[in-house]
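Working notes, beginning with the structure itself.
The values are calculated or read from the model by the stated rules, or taken from the named source; none is laboratory data. Model, not experiment: these values are computed from the prediction. Note that each Cβ is placed from the backbone with ideal geometry, even for glycine, and that neighbours are counted across all protein chains shown.
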């Protein structure tokens, strides 16, 4: 009954979700700017050397003075979210942070060729459409089992065009019944991308996602 209720309520505006975004794993937050102690930078470098998988989000414009790069160091027991203010003036902490940004391929300009970059948007769309198929009474199911189409009447499938691209907040809302921007915190973007990536990588089923919602949000009026 709860699963069917979740499906029917998808037709309402997902921005009205009352559920806050929940990361899949614990995390700690580190902010780096030109006043940061070199000790903190050294610890971050040590942690980066132990990490094989990262999520990256860039905020601001390359030509602007306010430019930030957020890196999530994805580790087994927890994640480390690092928000680095990119400043043009040389500073000791910046020289050390370049050890991360250059050696690990994270510097925002043209140093990304040393790592394997993955854009999960298309992978998510393929996973979502294969997992949350058209309802039996949907007009699109006659010709298309998986892809989006103009005949679709499914409230749990928001895109009616095969060229539609999922936004991050909508992917989180429709998959987990959570409002990514309810807290107005940019640090959750890295965590959200990592959460979506894990679902794709582990090939969660429809039942797994509904079980997650049931476990974390069953007591809330979510929309």
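When you scan segment 32-39, do you find a residue that is within 28 Å of residue 177 (Cβ to Cβ), in contact with a strand residue (DSSP E or B) (Cβ under 9 Å, 6 or more places away or on another chain) and at pLDDT 80 or above, even just one? Lay out the reasoning, then the answer.
We begin by selecting, within segment 32-39, every residue within 28 Å of residue 177 (Cβ to Cβ); these are none.
No, segment 32-39 has no match at all.
So that you can scan it fast, the table gives a plain yes or no per residue for (1) closer than 17 Å to residue 20 by Cβ; (2) at pLDDT 85 or above; (3) assigned by TED's automatic domain parsing to the domain that holds residue 71; (4) in contact with a helix residue (DSSP H, G or I) (Cβ under 8 Å, 6 or more places away or on another chain):
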{"residue": "107", "(1), (2), (3), (4)": "no, no, yes, yes"}
{"residue": "126", "(1), (2), (3), (4)": "no, yes, no, no"}
{"residue": "130", "(1), (2), (3), (4)": "no, yes, no, no"}
{"residue": "143", "(1), (2), (3), (4)": "no, no, no, no"}
{"residue": "168", "(1), (2), (3), (4)": "yes, yes, no, yes"}
{"residue": "178", "(1), (2), (3), (4)": "yes, yes, no, yes"}
{"residue": "183", "(1), (2), (3), (4)": "yes, no, no, no"}
{"residue": "190", "(1), (2), (3), (4)": "yes, yes, no, no"}
{"residue": "194", "(1), (2), (3), (4)": "yes, yes, no, no"}
